[in-house]
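Some notes on the structure that comes next.
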Amino acid sequence: MTHNPIEAFTELLTEKMKTKRGKHVQDATSKDLYYVIASIVNDKVHPHWLQTQETYNKKQPKQVFYLSMEFLVGRLLESNLLNCGLHDICTRSLKKLGFDPSEVYAQEHDAGLGNGGLGRLAACFLDSLASLSYPGHGYGIRYRYGLFEQKIIQDYQVEIPDYWLTEEYPWETRRADEAFIIHFNGEVLTEESKDGSLEFSYIHTDQVRAIPYDIPIVGYNNQVVNSLRLWSAESPKQEDEFFTTQNARYYHHLDHKNAIEQISGFLYPDDSSNEGKELRLKQQYFLVSASIQNIIMQYKKTSNPSLHHFHEFIAIQINDTHPSLAVPELMRILMDEEKFGWDKAWEITTKTIAYTNHTTLSEALEKWPKTMLQGLLPRIYMIINEINERFCQGIWFDHPELRDKIPELAIIADEQVHMAHLAIVGSFSVNGVARIHTEILKKKEMKSFYQLYPAKFNNKTNGITHRRWLLQVNPNLANLVTEVIGPSWIQRPKQLISLLRHSKDKPFLEKVDQVKHQNKQALAKYIKDKTGILVDDQSIFDVQIKRLHEYKRQLLNIFHVIYLYNELKENPNQHLTPRTFIFGAKAAPSYHLAKEVIKLINKVGNIINNDVDVRDRIKVVFLENYNVSLAEKIIPAADISEQISTASKEASGTGNMKLMMNGALTVGTLDGANIEIRDLVGDSNIFIFGLNADEVLNYYQFGGYSAKDIYQTDERIRKILDQLFQGVFGSNDLEFKDLYYHMLYHNDPYFVLKDFDSYIDTHEFIEQSYRDKTNWLTKSVTNIAYSGKFSSDRTIQEYASEIWNIRPIKR
Ligand code: 26Q
């Protein structure tokens, strides 16, 4: 045995390569190395996992369960290595053995079990919970297919199924002995019992087995390991054993089995529209019922198993309304199985559940046809109906001033069940995800509910884990930061503020510049390898990476690019600091307009990148299949972060925080968390443009905006729209006509044309600013310094003390 940790690791790797893979380490493939290193991590993590569980069982602290239809975890090998203190050791050991560590880490298939912000937030929260030693766990669904893979074929998005489980997933443990049965359909029998109360039982239900797969969530440097439990749908055991190929109903059984497994078959690929598909509803109830049954069963094993005190030991956070059936499901179990009366069950439920809202877009608000709910979940529907009745009566008698608001507040109205209303009424906390978003909820979107329950409403501005999004993805910047301010920021990210003292320190700024340049070289190489496009690593990297949606206004960005192209064509000798516009975005498969925008970006890119007059000054790159691991490559290399949503529409944004933390400067509207970024860094360290939320909301309310007027008066815009109409960027003259019509004949609903002038001006100003490189670097460092506030550690501490009332575990 040796005491040098790198040699010790190499020895372990060598031995394990033999026992696990039957190979000498020098013959190992990257895949072999990936699995063997994962197994080394597991050997270290699993005992702590068991220990953490035992500590919770023994000390019985209050615990939180985060219920979410999405956990966008990405890859785990590097972050697990980092959190258990092996990252540098492993990386150096691999290098010494002659392997490329990044090649090895890249073997892991992203766990893409989320659409975007909401799912990634859930993953960051789990990392912070464990790293701060909080007793908190996630419950989700083990989708067989994650978010689709995006290929760009002839400039157009094509979706490929993401079958991420082809090879063994080393982080999960199947625990078939902890399965639960979920009931769908059937009938409810109501019987009067001896004491005159009603008893409910269900018959002829379809049964589904929920099997848990557990993933350890490793805390940073603290030996705490929490759990992410993902449920997989299978047919109940007896059924499987009963049917053989001899049975006449064998094929019927196979059909049935397939239908059941569909429940955890795939992640719905919409990030903001609500389509009302029955399978999605099944998924939601499947998650909720399995998780709540599990929480209650665990609770009943404790030393004080009376459910009267449930809410003193358990908090359940629901990630948007997607798991809002938690309200009637907890009621159902408390009443039908645990025999509580309505009032006590309601008290426990509404003291346990808390709800996070992530959107004010009306098309995204979840509603289910009541007949669908009634058919699929008859008992749950009865309970929702009763909640609604009591709620409406309560307003009538206790809040006469709100009587005329009952139709708009009701949980069931116009044949639909309004899930946000159910979530608000059934929980003790309703939070928005950035200050402005919470204010809009209180003053506009949920105004009447706020009047009813002012104390429930609170803000929790989002955050991101600085461990993954700085320490892991940008190790050179992290090391540089540690060199000048010491390592304390890793435990207390707000200490990044100490960087301010160095924001004008020339030698330091030069090193920051070097790191950024190295990161840009690495991204330029990736771009060359993936797309064949040669980008200038000295150019400004201007980045917009997020789901494609009208309100996020990728169209405004590409209009700016087209404007620059037109300018350069007209005035070829004009000076312009070279710029590379980088896009990454998936469109929902059924979102036609979003797909047209992707095509437009690609077609404009083809023209510009191949035009000798302009291609040395502007380039456009669309990177396909934007996901967590692609974000990890792009973010450290960004100079400019595009956060240009129509004000009031982006609840928070979290990409804005990741880019800021890596030294990019934001060009953005006063929307979501951009506002809080500006409040910290000040107007000279961010580029704000466009309408503010009040102005936008005023236009929506009172009208007064005419896209056609702007088209008439602004010749830059007229030229761009005419180019779209004439098919200048298309392969035929019909291409992009629908975009043209959309802008002019649907009156540009997201104010792209209205904000265009201000956006162009701001970009001109950005270009001027970039020319003073030292000053730019000062701004960049200022952004990094203030980014500590946006660590999800801060967010989680706020949830813990202001909503959940949980404390860190001491061991
Ligand atoms: C709903 C019904 C049916 C199918 C899909 C959905 C669905 C799925 C995902 C609806 C919405 C989502 C995701 C929403 C989302 O990611 N919202 C973002 O949440 C972030 C974290 O709070 C915020 O930062 C973003 O501003 C917000 O857009």
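Computed from the coordinates by the stated procedures, all read-outs in this text should not be read as laboratory data. Since we're looking at a predicted model, the values are computed, not measured. Neighbour counts are summed over all protein chains in view; Cβ atoms, including those assigned to glycine, are modelled from backbone coordinates with ideal geometry.
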| Thinking of region 668-811 as a set of Cα atoms, what percent of all their pairs are more than 26 Å apart? | 50 percent
| Hydrodynamic radius of the chain per Kirkwood, over alpha carbon pairs, in Å | 28.2 Å
| message | Under 10 °C and 1.306 mPa s, how fast does region 1-122 diffuse according to Stokes-Einstein, given a Kirkwood radius computed over C-alpha pairs? Answer in µm²/s, whole number. | response | 98 µm²/s
| message | Need one word for region 77-176: rounded, prolate or oblate. Basis is the Cα gyration tensor (sqrt eigenvalues a ≥ b ≥ c); a/c below 1.5 gives rounded, then a/b vs b/c decides. | response | oblate
| field | Greater than 27 Å apart at Cα, pairs in 277/351; 444/552; 525/603; 20/237 | value | 277/351; 20/237
| field | Mean projected area in nm² (Cα convex hull; one quarter of hull surface) for region 470-510 | value | 2.7 nm²
| note | Whole-percent tail of the Cα-Cα distance distribution for region 171-294, cut at 23 Å, equals 49 percent
| query | What's the Kirkwood radius of region 610-656 in Å, using all Cα pairs? | reply | 13.5 Å
| For peptides 693-704, 786-797, sequence by mean Cβ density within 10 Å, most packed first | 786-797, 693-704
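Only counting other Cβ atoms within 10 Å, I'd like 289, 801 sorted with the fewest neighbours first.
Fewest to most other Cβ atoms nearby, the residues stand as 801, 289.
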| Hey, what do the phi angles of region 617-625 turn into as Karplus ³J(HN,Hα) couplings, whole Hz, using 6.51/-1.76/1.60 and θ = phi - 60°, x for Gly and Pro? | 10, 10, 9, 10, 10, 9, 8, 6, 6
| field | Proximal lysine pairs, region 612-720, alpha carbons under 22 Å, eight or more residues apart or interchain | value | 5
| message | Report, to one decimal in Å, the Kirkwood hydrodynamic radius for region 559-712 based on all distinct Cα pairs. | response | 17.6 Å
| request: Go through 504-514, 369-379, 311-321 and give me the packing order, highest mean Cβ count within 10 Å leading. | output: 311-321, 369-379, 504-514
| message | Which log10 I(q)/I(0) values does region 435-517 give at q = 0.14 Å⁻¹ under the Debye formula, counting every alpha carbon as one identical point scatterer? | response | -0.63
| said: Need one number: nm distance between label points at residue 3 and residue 166, each 7 Å from Cα along Cα→Cβ, rounded to one decimal. | reply: 4.8 nm
| message | If packing is taken as the average count of other Cβ atoms within 10 Å, what order do 338-347, 487-496 fall into, highest mean first? | response | 487-496, 338-347
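What's the FRET efficiency of residue 43 with residue 301 using the Cβ-Cβ distance as r and R₀ = 30 Å, to the nearest 0.05?
E between residue 43 and residue 301, to the nearest 0.05, is 0.60.
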| field | residue 483 paired with residue 403, simple spin-label distance in nm, labels 7 Å along Cα-to-beta-carbon | value | 7.3 nm
| request: Rounded to the nearest 500, what is the 222 nm mean residue ellipticity of the chain from helices alone, with -39500 (n - 2.57) per DSSP H run of 4+ residues and division by all residues? | output: -14000 deg cm²/dmol
| remark: Computed over region 373-513, the convex hull of the Cα set has an average projected area, in nm², of 13.4 nm²
| remark: Debye calc, one equal point scatterer per Cα of region 285-377, no solvent, log10 I(q)/I(0) at q = 0.11, 0.17, 0.23 1/Å comes to -0.35, -0.79, -1.26
